[in-house]
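Peer 1: Pasting a structure below so you can have a look.
What follows draws every value from the coordinates through simple rules; no lab data is involved. What you see is a predicted model; the values in this text were computed from it and never measured. With ideal geometry, Cβ positions are generated from the backbone for all residues, glycine too; neighbour counts draw on all protein chains shown.
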Amino acid sequence: MITQYMHTLDHIRKSFNGATSRADRSEIGQFLTPAAIAKFMSAMFETGPQRVRILDPGAGAGVLFATCVETLISRTERPQSIEVVAYETDSTILPYLEDTLRKCHSFCASKGIEFHGTIKADDFISAALAEVDGSLFLAPGKRFTHAVLNPPYKKINSKTAMSRKLYLSGIEVANLYAVFVWLSMSLLERGGQIVAITPRSFCNGPYFKKFRAAFLRMMSLKRIHIFESRKKAFGDDNVLQENVIYHAVRGLQKPKSVSISVSEGLDFDKASILAVPYSQVVHPGDTDMFVHLDVKKTDTTPSKQVKCFTSSLGKLGLSVSTGRVVDFRAREHLKQSPQQGDVPLIYPCHFANGFINWPVESGKKPNAITSDAETSTLLVEAGFYVLTKRFSAKEQQRRIMAAVYDPARINSPYVGFENHLNYYHQNGKGLPADLAKGLALYLNSTIVDQYFRLFSGHTQVNATDLRKIPYPTREQLTRLGASIGETMPDQEAIDSIVEKECSSLDK
Ligand SMILES: C[S@@+](CC[C@H](N)C(=O)[O-])C[C@H]1O[C@@H](n2cnc3c(N)ncnc32)[C@H](O)[C@@H]1O
């Protein structure tokens, strides 16, 4: 429903741009975000709390928060309630903004989600400064869980009253956009997330040093997307700034790596992504705290682009399906321990270091399922299968956790895979041993994890997601599998094996 509205918003953007002069818009830094960018931005938010409070400062017609609302409520773990606070000072665009808010309201209502939207036709800077000044007394519920912004871009005249006010609050920056980002992050709760599209000028240079220091101190920088072409992000609006999009989470812990992706323009599906160690993005000991985005140089880092693998599940002749045994529907067929005529039933608890370890005597999950006429459609023939968990915990190191079902370790002609798992197969049957091991190794690599996070902000790993990932060829997978023997190596070794396979392609 809102997807349709996205087209409407793009239409509004065009007609609004047509009806106003570029010079006037430039004067107030008004360049509205194309819906495709808004969608890409909102996908960067990780699944968060049940009660969502979104801040959109300088909201224009509201494309950013509307897309954010749509993205959050289309996820499996949807919020219970959403509140939007949108600041906008241009009265000519307010009717569009009101309309967008109404649309969000009715969309949420149709999904049974509580929605509350407020438009503040006030200067965001003054309002936020007042809040931040009194932040010690700010009720926890008043902080935001999400901030999404495409702020106005404009040089700040240091002689104005606003500039002095900012200075007194410790905010010293050269451009309005950095003030908006700074104040927005200050209004986030701990664990709150920001996604912003701004010029990349803050990444270096003395005028943004204080901003960088505050940003990198308060926020954990997770992701940066770079537009390769200067003109393409806001192509039709003649914006010559070099823009970047970034996602960061409020909290003191620094990430191990930052995902850096690059696209020429709006061709996000072709974007290449690198997991660059944090220390290469912000050099330790660099008092200027430059944010390094030179991805060409970072090509030599251990993390390689997943796009060096060009095969797909279809080309490999493989499929991935969800485990057929829904345990609560097959209750009468399940056994804690296998008896004569029973076969293994595999759950996520049977994952152990990249292989299936069965049975597990923890007592929490049944280990077996009867093998008879009633269960025959739920079972598959014994063979090498690659299993992945469908649900991952947030704190888990990787989203995709893969393990090999090795028939030589479990003596049974059939096996049942429970519905909390996905399994890779070849026409319903097992895979060659090395192919299966290579596939599990690849799926357990950091580059696949980074790639996956690019498209999925939630912790669930669906079969449809797994179908979208690029894969190595059969030969490459077999080579990867042959290199691991009977145990899955540790993360560092997995990544180095995959990297080696990737770099052998460059030669
Ligand atoms: C670059 S536009 C982006 C609009 C919208 N966020 C989007 O992505 O399409 C920035 C918006 O901020 C508004 N704005 C400028 N200064 C503002 C201020 N001090 N307080 C609130 N809004 C402001 C402008 O009118 C403009 O609509």
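Peer 1: Return the loop-located trypsin sites (Lys or Arg not before Pro) in segment 93-195 (DSSP other than H, G, I, E, B) with at most 16 other Cβ atoms within 10 Å of their own Cβ; answer none if there are none. Mind showing how you got there, number by number?
Peer 2: Working: sites: R102, K103, K111, K120, K142, R143, K154, K155, K159, R164, K165, R190; in loops: K111, R143, K154, K159.
Filter output for segment 93-195: K111, K154, K159.
Peer 1: For segment 395-494, which trypsin sites (Lys or Arg not before Pro) pass both filters: DSSP loop (anything but H, G, I, E, B) and at most 14 other C-beta atoms within 10 Å?
Peer 2: Hits after loop and neighbour filter: R409.
Peer 1: Could you tell me which of rounded, prolate or oblate describes segment 2-223, using a ≥ b ≥ c as the square roots of the eigenvalues of the alpha-carbon gyration tensor, with rounded for a/c under 1.5 and, failing that, prolate when a/b is larger than b/c and oblate otherwise? Present the calculation step by step, with values, prior to reporting the outcome.
Peer 2: Numbers: a/c = 1.68, a/b = 1.23, b/c = 1.37.
Oblate is the answer for segment 2-223, as a/c is 1.5 or above yet b/c matches or exceeds a/b.
Peer 1: When Lys and Arg each count +1 and Asp and Glu each count -1, what net charge do the other residues less than 12 Å away from T370, Cβ to Cβ, add up to?
Peer 2: Values: positive: R331, K335; negative: E332, D342, D372, E374.
Neighbour charge sum, excluding T370 itself: -2.
Peer 1: Pick out, in residue order, every one of the chymotrypsin sites (Phe, Trp or Tyr not before Pro) in segment 141-210 that is DSSP loop and has at most 10 other C-beta atoms within 10 Å; say none if there are none. Could you put the intermediate results ahead of the total?
Peer 2: Values: sites: F144, Y153, Y167, Y177, F180, W182, F202, Y207, F208; in loops: Y153.
Listed in order of number, the matching sites amount to none.
Peer 1: Kindly provide the helix-only [θ] at 222 nm of the chain, computed as the sum of -39,500 (n - 2.57) over DSSP H runs of four or more divided by all residues, to the nearest 500 deg cm²/dmol? Numbers along the way, then the final one.
Peer 2: Working: 17 runs with 161 residues, N = 507.
Using -39500 (n - 2.57) per qualifying helix, the result is -9000 deg cm²/dmol.
Peer 1: May I ask for the longest run of the chain untouched by GluC sites (Glu not before Pro) that are loop-located per DSSP and have at most 14 neighbouring C-beta atoms (other than their own) within 10 Å? Working shown, then result.
Peer 2: Values: sites that count: E77, E228, E264, E361, E374, E395, E486.
Counting only loop sites that pass the neighbour cut-off, the longest clear stretch is 78-227.
Peer 1: List, in the order given, every pair from K155/K209; K39/K315; K335/K437; K142/K254 whose Cα-Cα distance in the structure shown is over 19 Å.
Peer 2: Numbers: K155/K209 15 Å; K39/K315 29 Å; K335/K437 29 Å; K142/K254 26 Å.
Over 19 Å Cα-Cα: K39/K315; K335/K437; K142/K254.
Peer 1: Another one. Step through the residues of segment 221-227 one at a time and calculate ³J(HN,Hα) from phi using the Karplus curve (6.51 cos²θ - 1.76 cosθ + 1.60, θ = phi - 60°), rounding each to whole Hz and writing x for Gly and Pro.
Peer 2: 3J(HN,Hα) across segment 221-227, in whole Hz: 7, 9, 8, 9, 10, 10, 8.
Peer 1: A follow-up question, please. Label Q491 and N462 with points 7 Å out from Cα along Cα→Cβ: what is the distance between them in nm?
Peer 2: Label at Q491, label at N462, 2.7 nm between them.
Peer 1: Follow-up. Expressed as a rounded percentage, what relative contact order does the chain have, with Cα pairs under 8 Å and six or more residues apart? Display every interim value, and only then the final one.
Peer 2: On the way: 990 pairs, mean separation 58.5, N = 507.
12 percent.
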